[in-house]
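Shown next, in structure tokens, is the structure this report addresses.
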Amino acid sequence: MIALDDEIDTTEGPAARRRRRRAEQLDTRKINWWATALIAVCSLTVLIPLYLAVVVSLKTPDDLASGTGFELPTTWDWANFGEAWERTNFPQAIANTAFITVGAVVLTLLSNSVVSYAIARNIHRPFFKGVFFYLLAALFIPFPIIMLPLVKQTSLLGLDNQTGLIILYTVFGLSLNVFIYTAYIRSIPIELEEAARVDGASTWRVFWSVIFPLLAPMNATVGILTCVWAWNDFILPLVVLSDPAARTLPLAQYIFQGQFNTDYTVAFASYLMAMAPLLLIYVFAQRWVISGVMRGSIK
């Protein structure tokens, strides 16, 4: 056996032997169990709020008041979900939220990617460079400073509705999205566009046929950020929407908080129902998101 190994070693070249030794060293690396345990504990901490939400939503008010909230319920009160469904008018609220979220994601991906492409390919020009830094500067403006003027302008323009919210989410997300898109577009070889132009493609055709398909990793990132923001946002719908029938889920859940008390059991049941759609979207869409990120990492 030893002679056979020696024979194999003598037939291999120096580069092949170095690669084999490097592979053996990588296979025998020790695992840092302390760091692995720390990462695992930090990852599990996200389950504590979820556990608390599930446990509280299944308790009666008296059961909740008699303990710290982390104990398992003595009586499983499933009626909290039915009461939350009725008090929030859940079907209407979730339909409003879904319409605003889908509209904001679609409009954001279509418009912000076009703006970013124009800036990325003309960043050497003073005007486009100024626009880029102007949009980045908007990231440092706190929303409360522009909140009251925003309410007045949306009312004057007739945008105090769901369509206005979709436009606002698209505009307010432009600064961060341009920053994300621009860096990625500049990493795409310009030769791909030049080859398309040689074949007679216009600027719009180059973008939609060549560039936009390559933006799949960034589209996944921007889409997720916009979706989570629009679905969970409370401030913008509160100050913009004037029609009570157009209220979103976060606004509908605000009815559980009174001046002197809060109905925690029904409120947590409503929070779980509002959380469920996003969890389902993640479960079914995670493979596309991960594959998009992997394609972006090896581009």
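Applying the criterion of being of a type in the set (G, A, S) and over 16 Å from A104 (Cβ atoms) to the residues of segment 167-204, the residue that is surrounded by the most Cβ atoms within 10 Å (Cβ to Cβ) is A196. The set of residues in segment 53-86 being touching a Pro at 6+ places or on another chain (Cβ under 8 Å), of a type in the set (A, V, I, L, M, F, W, C) and part of a loop (DSSP other than H, G, I, E, B) consists of L58 alone. Those helices (runs of 4 or more DSSP H) of segment 93-202 in which 1 or more residues are among the aromatic types (F, W, Y) and more than 30 Å from Y271 (Cα to Cα) occupy 126-137, 174-185.
Cβ-Cβ contacts under 9 Å between residues 6 or more apart (or on different chains), taken from a first residue in segment 150-172 that is closer than 15 Å to V102 by Cα to a second residue that is in a helix (DSSP H, G or I) and of a type in the set (F, W, Y), are listed as Q162/F99; I166/F99; Y169/W229. For segment 74-86, state whether one or more residues are more than 33 Å from the chain's Cα centre (by Cα) and at pLDDT below 75. No.
Between D243, D160, D199, the distinction of being over 27 Å from L279 (Cα atoms), touching a Leu at 6+ places or on another chain (Cβ under 7 Å) and of a type outside the set (S, T, N, Q) belongs to D160 only.
The values are calculated or read from the model by the stated rules, or taken from the named source; none is laboratory data. Keep in mind that this is a model prediction, so the values were computed, not measured. Positions of Cβ are generated from backbone atoms using ideal geometry, with glycine treated the same way; all protein chains shown enter the neighbour counts.
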